Amino acid sequence: VIYIWQKGLSEIYPKRSPAHAALAAANSLNALDAFVASFFSRGAVKATLLTVKQQPLPAEANRLKAWWMRTVSGMRNAFASEVISAEVEPVVIGEGISELSNTDLSQEKREDISTALGVPHSLLMSDAANMATAESDRKNFYEMTVLPQANLIERQLNAQLWMPMGLRMTFAPQEMGIFQEDETRRAE
């Protein structure tokens with residue numbers, strides 16, 4: 001078993017991983033997706049309370065509840081009809097899809113995730129001003145995120161696995177195409 005941990009500020013305990021830092025934003029997006037799926041699986045009906053003027057008999061209340069469950073139990077019953085004898089008034093207490101059309105929130109959560117993982121927003125969102133900016137962001141991603149992680153992995157693999165066997169592993173990032181292109185441009 002080889003372990004690789006990122007040093008925390010105290011240099012004693014591991015710090016929270018980038019994935020853990022991104023988890024809160026990811027959970028928000030996951031909850032949003034779950035809500036949308038649930039909303040449509042129950043026939044696109046908002047959460048609703050049924051109120052009646054008088055206290056119904058238990059049998060009548062059960063019948064009303066069963067009718068409502070059939071009515072809102074998905075698309076197969078969306079256009080079904082049934083007659084009930086009690087005066088029922090629905091009171092909407094939940095939100096629908098129109099209230100969730102906050103694209104700014106989704107965008108913000110995606111940006112939170114990419115920031116926590118060290119990925120430039122322009123790489124994920126295609127919002128770079130031009131090709132030069134996109135290439136610069138791509139190179140910065142490798143230099144600021146990928147290579148430091150690769151160096152950490154290299155050091156730990158060498159210390160825990162390869163050096164005790166008399167071997168050594170070395171990453172060669174300068175051989176990557178993005179760095180070769182940059183070196184060619186600078187040489188020209």
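Data for the structure
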{"item": "At most 16 other Cβ within 10 Å, DSSP loop - trypsin sites (Lys or Arg not before Pro), segment 124-188", "result": "168"}
{"item": "Aspartates and glutamates whose Cα lies under 19 Å from that of residue 65, excluding same-chain neighbours fewer than 8 positions away", "result": "82, 87, 89"}
{"item": "Nearby aspartates and glutamates by direct alpha-carbon distance to residue 139 (threshold 17 angstrom, same-chain neighbours under 8 apart not counted)", "result": "127, 175, 181, 182, 183"}
{"item": "Zone residues, segment 29-52, relative to residue 92, backbone N less than 15 Å from point 7 Å out along Cα-to-Cβ", "result": "39-40, 43-50"}
{"item": "Loop chymotrypsin sites (Phe, Trp or Tyr not before Pro), segment 96-188, which have at most 14 other Cβ atoms in a 10 Å radius of their Cβ (DSSP)", "result": "171"}
{"item": "Total charge dipole magnitude, segment 97-177, about the Cα centre, Cβ charges on Lys, Arg, Asp, Glu only, Debye to nearest 20", "result": "480 debye"}
{"item": "Accessible-area composition of segment 128-171, carbon plus sulfur, in percent [1.4 Å probe]", "result": "62 percent"}
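The values are calculated or read from the model by the stated rules, or taken from the named source; none is laboratory data. Since we're looking at a predicted model, the values are computed, not measured. Here the Cβ is made from the backbone with ideal geometry for all residues, glycine too, and neighbour counts use every protein chain on show. Please note that ligands, DNA and RNA were not included when accessible areas were found on the heavy atoms of the full protein model with its side chains. Shrake-Rupley method; radii C 1.70, N 1.55, O 1.52, S 1.80 Å.
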